[in-house]
1. Among (1) in contact with a strand residue (DSSP E or B) (Cβ under 8 Å, 6 or more places away or on another chain); (2) at positive phi; (3) modelled with pLDDT under 95, where does G57 come up short?
2. Would you check which residues across the stretch 248-281 are over 22 Å from the mean Cα position of the chain (by Cα) and over 29 Å from P298 (Cα atoms) and list them?
3. Right, T3: in contact (Cβ under 8 Å) with a residue 40 or more places away in the chain and farther than 22 Å from I64 by Cα or not?
4. If you check S222 against the conditions, is it out of contact with any helix residue (DSSP H, G or I) (no Cβ under 9 Å at 6 or more places or on another chain), touching a residue at least 12 places away in the same chain (Cβ under 8 Å) and crowded, with 23+ Cβ neighbours inside 10 Å?
5. Name the single residue that is modelled with the lowest pLDDT among those in the stretch 297-333 being among the aliphatic types (A, V, I, L, M) and under 22 Å from R74 (Cα atoms).
6. Scanning the stretch 248-271 for residues that are outside any strand (DSSP E or B) and acidic (D, E), which turns out nearest to D230 (Cα to Cα)?
7. Since N194 meets every condition but one in (1) at positive phi; (2) touching a His at 6+ places or on another chain (Cβ under 9 Å), which condition does it not meet?
8. If a residue has to be outside any loop (DSSP other than H, G, I, E, B) and closer than 22 Å to I41 by Cα to count, how many in the stretch 272-298 make the cut?
Amino acid sequence: MPTQLSYAKSNVITKEMEHVASVENIDAGLLRQGIAEGTVIIPANINHKNLRPIAIGKGVKTKINANIGASRVRASVDEELEKIRLCIKYGADTAMDLSTGGDLDKIREAIINEAAIPLGTVPTYQVIEKHQTIDDLKKEDWLDVIELQAKQGVDYMTIHAGVLQKTLPLLKGRVTGVVSRGGAILVRWMKANNKENPLFTQFDQICDIFEKYDVTFSLGDSLRPGCLHDATDKAQIAELKILGDLTLKAWKKDCQVMIEGPGHIPLNEIKLNVELEKKYCHNAPFYVLGPLVTDIAPGYDHITSAIGAAVAGMHGADYLCYVTPAEHLGLPTPEMVKQGIIAYKIAAHSADIAKGIPDSRQRDDELSKARFAFDWEKQFALSLDPETAKKMRSDLNLGADFCSMCGPDFCSMRLYSKTEGIKTHNEEKSNVEFKHRLLTKDLKKLVDKKYMAEEKLV
């Protein structure tokens, strides 16, 4: 079955490429070239019928992902649908269903039917949920689940194929060991069975499934650092090099690839981590979780990670996986999902401005003009979260040329406008309304005059 990559290699521009080029306002030919080179991907399973395709990678806007999913502690199809609707409402570009409890097939099917955005999964979670054990799993169990999810319409899957027997000794000295759930499961299986990673040994078979449905690889970072102490260590870098080798294998099979990245990284190491991924993984799109730049803010990790995400994006990361306030603490609520999305929309947009993505700052400039003119409604319309902005403004009416921080006497923009004789939006609006009232009054006089004249003729 042809994939977006095979089409691109054959110099064919697909309808998905045309759509993306239009949305991104870029040349479709350049987009096709990026896909052919592996620097850009369009995750688009042929069975995801209601999909609005997006591009991730070099030269396009930085994208964000929102994780959702039920657990064995709390599982509800309705709640997951509420979360996916919030993802769409607040602008997440993709979503990952990381459910580990409930009826996984039913939850996933409902989300795919609801969501026009690309959906990702970690198939290892369903392998465990289905068999309730790790040590006794057969390597074929992974292939069965991968095929099932691909057939359902999943657009990309996290495949933890880079953690190998030879990398395990490198974990010695870590504070938090293996923090990737999928990675930890595979490490446990490898040690229990004294065998190599089944996702690595069966990588060709996985490629065959992915090529059949055009599923994109998200090559998982099983050994990502879970704290600052473990950042950029030998284990992490060794796995990154293996992921680079697997990328070349997948490309030969016409499968699209992106690379997952850390994790917890100090600010001063983020640029290096992006550069290493681009070097070892042949400029494949880089998908980062955060990174979190400090470990001491549980309950606020949507902030600690958004700081790192903005810096990573500025230096070339292409795709940002959001973190919610509940990270490290529990399953996020719908409200926490919203907070995570907004934090990452800010990070991605900031990165795009820094990267010089065309037209990325236009919205900022338009909002600034509206702010200077005290055009509150336009400010709300241009903001990432209009509802919250309106709520915070509710203490004053929309006709006021000031906010409650400075009041009418100390508002700098109000003072400057008065000094320079610049009319604010509300003054202009009032002037227009006054003229309209005068006009209406004059028209009434004319109508009355005409009526009286007609009465006299009668």
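1. (3)
2. Listed by number, the residues that qualify are L248, K249, A250, W251, K252, K253, D254, K279, Y280.
3. Numbers: in contact (Cβ under 8 Å) with a residue 40 or more places away in the chain: yes; farther than 22 Å from I64 by Cα: yes.
Yes, satisfied.
4. On the way: out of contact with any helix residue (DSSP H, G or I) (no Cβ under 9 Å at 6 or more places or on another chain): no; touching a residue at least 12 places away in the same chain (Cβ under 8 Å): yes; crowded, with 23+ Cβ neighbours inside 10 Å: yes.
No.
5. Applying the filter and picking the extreme gives L331.
6. Checked the stretch 248-271; the qualifying residue nearest to D230 (Cα to Cα) is E269.
7. Status for N194: all satisfied but (2).
8. Residues meeting the conditions: 12.
The values are calculated or read from the model by the stated rules, or taken from the named source; none is laboratory data. Keep in mind it's a predicted model, so treat the numbers as computed, not measured. Every residue, glycine as well, gets a Cβ built from its backbone with ideal geometry; the counts of neighbours run over all protein chains shown.
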